[in-house]
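The values are calculated or read from the model by the stated rules, or taken from the named source; none is laboratory data. Keep in mind it's a predicted model, so treat the numbers as computed, not measured. Reconstructed Cβ throughout: ideal geometry from the backbone, glycine too, with neighbour counts over all protein chains shown. Note: areas computed on protein heavy atoms with side chains; ligands, DNA, RNA excluded. Shrake-Rupley method; radii C 1.70, N 1.55, O 1.52, S 1.80 Å.
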Amino acid sequence: MSADQTADLRTALLAWFDRQGRDLPWRQGPEGRRDPYRAWVAEVLLQQTQVARGLGYYHNFLTAFPSVQDLAAAPLDDVLKAWEGCGYYARARNLHRAAQVIAQQGFPEAYGGWLALPGVGPYTAAALSSLTLNEACAVNDGNVRRVLARLHAEPQPTPRWVQAQADALLDPARPGAWNEAVMDLGATICTPKSPQCGACPLSPWCAGRASAQPTAYPAPKARPVVQEVRAVAVLIGTPQQAVLEQRAGGLLGGLWGLPTQPYDPARPGAQAQALRDLCARLPATPGPLLGEVTHAMTHRRVIWQVYAATGGPHPTDVRGAPLSRLDHKALSLAQARADSLFT
Ligand code: ADE
């Protein structure tokens, strides 16, 4: 693409963004000089949560922790509680850890400073340095990959190719607006299955559109295998007052939840054995099966058989504890069962 074409394309995309960019709460403040705290919370939230669902969490989080000092001083349980239901809880743990660093050292003053914070990868560091420091850093994610693959009719865009194209197109005069313009284009016009080429400000330059097969770019990737994870869980007490354990490491680390024991469904008798092992550990006496709950994540499907049990340690108040969505589903199952027994 010639320098003149690049200049025209930038003007067209930014004019479209100025007219039709999404009005989102984290987009307040001067262009290139956004409030770093609000921008950072939003970008971490949007790493794995879609804009529509993220709006409520963004609002609640900022109400609970209006400043980075408030976040740094809060107990981790309160931070996880504000994140409850949003998933990918490492984000909340990292926000809390990074807040301690920022409260001491101040907000980063360059891309490298953002990248050094826990929970901030290249995409988020590029977004934040462009939005808060006006640095010319181009974001690169699945949306950007799709937009650029179509623009150049490239069926197999490698990460290196995408970054080089993104860097070449980024408007250095308005890097933050440019990045958000590409995000909005990918989310609203250049969508995966039904791109609206007629409404696209890039269509005059788009080789994908010219091919009449824009969805052929990029070529679809093989779907990752979804792993099935099974466990038994026990409810001791009531859906309001139950025995809870704090989860360690991994996806749900720091959250509280029903005691569980994973098992391999390919092994005969493994489920019954897992229930016996779990109850021996607590110790508790297993009761009836209350039902099954499932939760789908990007690469995993978790399935629990939830049993009632008696004995075990003291039940605690469920409402105050940060719980995963799966635990809430398990408790609702028990509540539904109790309702049907008593009505
Ligand atoms: N996804 C990631 N960052 C975003 C932003 N700033 N606006 C809209 N969607 C986003």
Relative contact order in percent for the chain (Cα pairs under 8 Å, 6+ apart) equals 16 percent
Carbon and sulfur atoms account, in whole percent of the 1.4 Å probe accessible area of region 58-176, for 54 percent
So how exposed is LYS81, as accessible area in Å² (1.4 Å probe, rounded to 10)? 60 Å²
Potential lengthening between ALA12 and ALA168 on full extension [0.36 nm per residue; Cα-Cα distance subtracted]: 54.6 nm
Tail weight of P(r) past 12 Å, computed on alpha-carbon pairs of region 78-130, percent: 64 percent
Note on region 1-84: C-alpha Rg/Rh, Kirkwood Rh, two decimals, gives 1.13
Helix 270-281: angle to the longest alpha-carbon principal axis of the chain, degrees 0 to 90, nearest 10? 70 degrees
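How much of the pair distance distribution for region 66-180 lies past 25 Å, counting alpha-carbon pairs only, in percent?
That fraction is 35 percent.
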Contour minus end-to-end for ARG301 and ALA336, with contour as 0.36 nm per residue of separation and end-to-end as the Cα-Cα distance? 10.3 nm
How large is the helix-only mean residue ellipticity at 222 nm for the chain, computed as the sum of -39500 (n - 2.57) over DSSP H runs with n ≥ 4, divided by its residue count, in deg cm²/dmol to the nearest 500? -14000 deg cm²/dmol
What is the distance, in nm, between label points placed 7 Å from the Cα along the Cα-to-Cβ direction at GLN20 and at GLN48? 3.3 nm
If I model a spin label as a point 7 Å beyond the Cα along the Cα-Cβ vector, how far apart are those points for ARG281 and ALA110 in nm? 4.8 nm
Considering only C-alpha atoms, what is the centroid distance from region 269-319 to region 1-39, in Å? 50 Å
Considering only protein heavy atoms and a 1.4 Å probe, what is the carbon-and-sulfur percentage of the accessible area of region 207-256? 55 percent
Accessible surface, 1.4 Å probe, highest first, among residues GLU135, GLU228, GLU109: GLU109, GLU228, GLU135
Spin-label model distance (nm) - SER211 vs HIS314, 7 Å beyond Cα toward Cβ: 6.6 nm
For the chain, take the longest principal axis of its alpha carbons; what is the angle in degrees between that and the long axis of helix 159-169, to the nearest 10 within 0 to 90? 50 degrees
Probe 1.4 Å, protein heavy atoms only - accessible area per residue of the chain in square angstrom: 49 Å²
So, in Å, what gap is there between the alpha-carbon centers of region 211-249 and region 76-101? 19 Å
Anchor LYS81: lysines whose Cα lies under 28 Å away (excluding residues fewer than 8 positions away in-chain): LYS329
Unit Cα scatterers, Debye sum, region 227-340: log10 I(q)/I(0) for q = 0.10, 0.16, 0.19 Å⁻¹: -0.26, -0.69, -1.00
Enumerate the calculated ³J(HN,Hα) couplings along region 316-323 in order (Karplus 6.51 cos²θ - 1.76 cosθ + 1.60, θ = phi - 60°), each rounded to whole Hz, writing x wherever the residue is Gly or Pro. 10, 6, 6, 4, x, 9, x, 10
Summarise the long-distance tail of P(r) for the chain by giving the % of C-alpha pairs beyond 32 Å. 44 percent
